[in-house]
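Quick notes on the structure that follows.
The values are calculated or read from the model by the stated rules, or taken from the named source; none is laboratory data. Keep in mind it's a predicted model, so treat the numbers as computed, not measured. Cβ atoms come from the backbone with ideal geometry, glycine included; neighbour counts cover every protein chain shown. Just the protein is used for accessible areas: all its heavy atoms, side chains included, with ligands, DNA and RNA removed. Shrake-Rupley method; radii C 1.70, N 1.55, O 1.52, S 1.80 Å.
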Amino acid sequence: MRFSALAALIAALAIPGFARAADAPAGALSCSGCHPGAAGVDTPAVRLVGLPATDIESAMRAYKSGARAATIMDRIAKGLGDDEIAAIAAWYASQPK
Amino acid sequence: MTHSTHRRGFMAGAGALALATPSLAQGAAGRVVVIGGGFAGATVARAIKAMDARVAVTLVEPNATFTACPFSNEVIVGLRGIEAQQFGYDGVRKAGVEVIVDTASAVDAEACVVTLAGGARLAYDRLVIAPGVDIAWGALPGYTPEAAEIMPHAWKAGAQTLLLRAQLEAMEDGGVVVISAPANPYRCPPGPYERASLIAWYLKTRKPKSKLLLLDAKDAFSKQKLFQNAWKELYPNLEWVSLSSGGKVVSVDPAGLVLETEFGKHKANVANVIPPQRAGAIAAAAGVADRSGWCPMDPVTFESTLRKNIHVIGDAAIAGAMPKSAFAANAQAKACAAAIVALLNGRAPAEPLLLNTCYSVAAPEYGFSVAGVYRPAKGLLNEVAGSGGASPVDAPEATRALEARLANGWYNTITAEVFG
């Protein structure tokens, strides 16, 4: 019991912001190259951790279709399937802030 | 014999080795050794702990402090201090990773044991080799480790970065800086062109009578139109000489500060030779590098196609369409961690989806990027058709400034994740 609690604690801290890294769907962990998992990182890129899934998903779909102006996310969104976008959005939404 | 952390399978001597064989059968989740503590290695070590904290992860890295290459071009021209590039391993240790500051000197792929220069032996169930690049000494006649002290490569950040900066600072106005860029593949495809841009910026602002000559072993390069537009707009002091115009450097003479191309000789006041490279030496020693000097691997598991139970990620790997960038190394590392955790737990690894984003700055407040989305196909990582690509060539000034801020944000983000 104690060991698994400790293991869970280590896992939660090993990549800041990603308490559930083991369940990450394909592609989700690439996003944190730019979108910080941890709070307090100085960057214009939005922190996705804990955002509502619908917000992430609708933004990605709008980048993909060209409906939303982008600097870089249009180029990335075009490579992802709608099901992949939904899975990534749901996973980020499920991460504790 | 200097370490005593036997608990994690860190042993000296054959007797101890026998005790350490299949840990999986004893109910533990397995032992992973990672060689190399850069963006690939430090990430995979942490990501494995994040995905399954029961796995014992040992990271072997020769330097107690990591010096990052991205943004080191800004250090060369005085826009940034070297300390902004440097990170310790406390964050990696706090993530539950055992960090050993030593050099991996040999890998026995049959016995699954890594030997360190200090004599220690580490048994593994899965080994990750992420040593980055080494300079391919001997590939460019005249360019030796001694020559690099006169004509720095500055392609591994640290002392070489500071040497090139000191040379630029010491150069008298009116001097000629010569950069030579290698043929593909090499670390950071747009790096030589970002460096040329920033050195041209430095010369323009500090030593305006000076010139920069960029001798290239290629006719085409990453973000070419974006760089060439920036040069046209900002840097009349920069001349790019392509392969077909005679830009390929075939030998160097450090005593005379001369770079010889197929077409002639160029005397420099400061010479920055970016030489041919190959995977870090341990890759060849472990038998995972092929005749090209780089490491072929499976695009789903990142397992070497040459040695079982050894995975290769980052700049050392042959990753198909993915470039040798820090972002790619970090993305590959997280996908590799997921595959290793699946394999250690008897599950089939899932197909990864990988991203890359790579920013360059041509001047302060003047940034642009290339992005890509990659999936496994036919044994390589292929770019998804219709996605990715470079920033628009006709973007307004505000977009260039935003991309420069995004570049800084990317660096803050990735270094916080990997070393924070």
| said: What does the net charge come to around B:Gly142 if you take all other residues with beta carbon closer than 11 Å to its beta carbon, with K and R at +1 and D and E at -1? | reply: -3
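Roughly to the nearest percent, how much of the accessible area of segment A:24-97 is carbon and sulfur, given a 1.4 Å probe? Let's see the in-between values first.
On the way: 1690 of 3080 Å².
That share works out to 55 percent.
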| What is the spin-label model distance, in nm, from B:Trp137 to B:Asp90 if the labels are put 7 Å beyond Cα along the C-beta direction? | 3.5
| request: Kindly express, to the nearest 10 degrees and within the range 0 to 90, the angle between helix B:224-234's C-alpha long axis and the longest C-alpha principal axis of chain B. | output: 40
| For the pair B:Gln228 and B:Arg206, how long in nm is the line joining their label points, each one 7 Å along Cα→Cβ? | 3.0
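Using a Förster distance of 56 Å, how high is the FRET efficiency between A:Asp55 and B:Ile150, based on the Cβ-Cβ distance and rounded to 0.05? Can you show the working numbers first?
Working: r = 56 Å, r/R0 = 0.99.
According to the calculation, E is roughly 0.50.
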| How much accessible area is lost when chains B and A come together, counting both sides, with a 1.4 Å probe, in Å² rounded to the nearest 100? | 3100
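Find out how many positive minus negative residues lie around B:Val101, taking Lys and Arg as positive, Asp and Glu as negative, among other residues whose Cβ is under 13 Å from that of B:Val101. Before the final figure, lay out the partial values.
Values: positive: B:Arg93; negative: B:Glu61, B:Asp90, B:Glu98, B:Asp102.
Computed value for this residue: -3.
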| query | Which whole-number percent is the relative contact order of chain B (Cα, under 8 Å, 6+ apart)? | reply | 17
| field | Solvent-accessible surface ranking, highest first, for B:Trp155, B:Trp137 at 1.4 angstrom | value | B:Trp137, B:Trp155
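May I ask you to derive the FRET efficiency for B:Asp108 and B:Leu79 from their Cβ-Cβ distance with R0 = 56 Å, giving the value to the nearest 0.05?
Working: r = 46 Å, r/R0 = 0.82.
So, using R0 = 56 Å, E works out to roughly 0.75.
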| request: First measure r as the distance between the Cβ atoms of A:Val46 and B:Thr65, then evaluate 1/(1 + (r/R0)^6) with R0 = 30 Å and state the FRET efficiency to the nearest 0.05. | output: 0.45
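Once you sort the root eigenvalues of the Cα gyration tensor of chain B as a ≥ b ≥ c, which label holds: rounded (a/c under 1.5), prolate (a/b larger than b/c) or oblate (the other case)?
In terms of gyration-tensor shape, prolate.
Can you tally the net charge around B:Gly132? Count Lys and Arg as +1, Asp and Glu as -1, for every other residue whose Cβ sits under 10 Å from the Cβ of B:Gly132.
+1
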| said: If packing is taken as the average number of other Cβ atoms within 10 Å across a peptide's residues, how do A:86-97, B:313-324, B:254-265 rank, most packed first? | reply: B:313-324, A:86-97, B:254-265
| query | How about B:Lys204: which lysines have a C-alpha closer than 23 Å to its C-alpha, ignoring those fewer than 8 places off in the same chain? | reply | B:Lys223, B:Lys225, B:Lys232, B:Lys267
| message | Just the number please: accessible area per residue for segment B:147-277, 1.4 Å probe, all protein chains included, in Å². | response | 40
| message | Between 0 and 90 degrees, rounded to the nearest ten: what's the tilt of helix B:397-419 against the longest Cα principal axis of chain B? | response | 30
| query | How far is helix B:326-344 tilted, in degrees, relative to the longest principal axis of the Cα atoms in chain B, given as a value from 0 to 90 rounded to the nearest 10? | reply | 10
| remark: The simple spin-label model distance between A:Ala90 and B:Ala377, using points 7 Å out along Cα→Cβ, in nm, is 2.7
| said: Please compute the contact order of segment A:2-94 in relative form: average sequence separation of alpha-carbon pairs under 8 Å and at least six residues apart, divided by the residue count, as a percent. | reply: 30
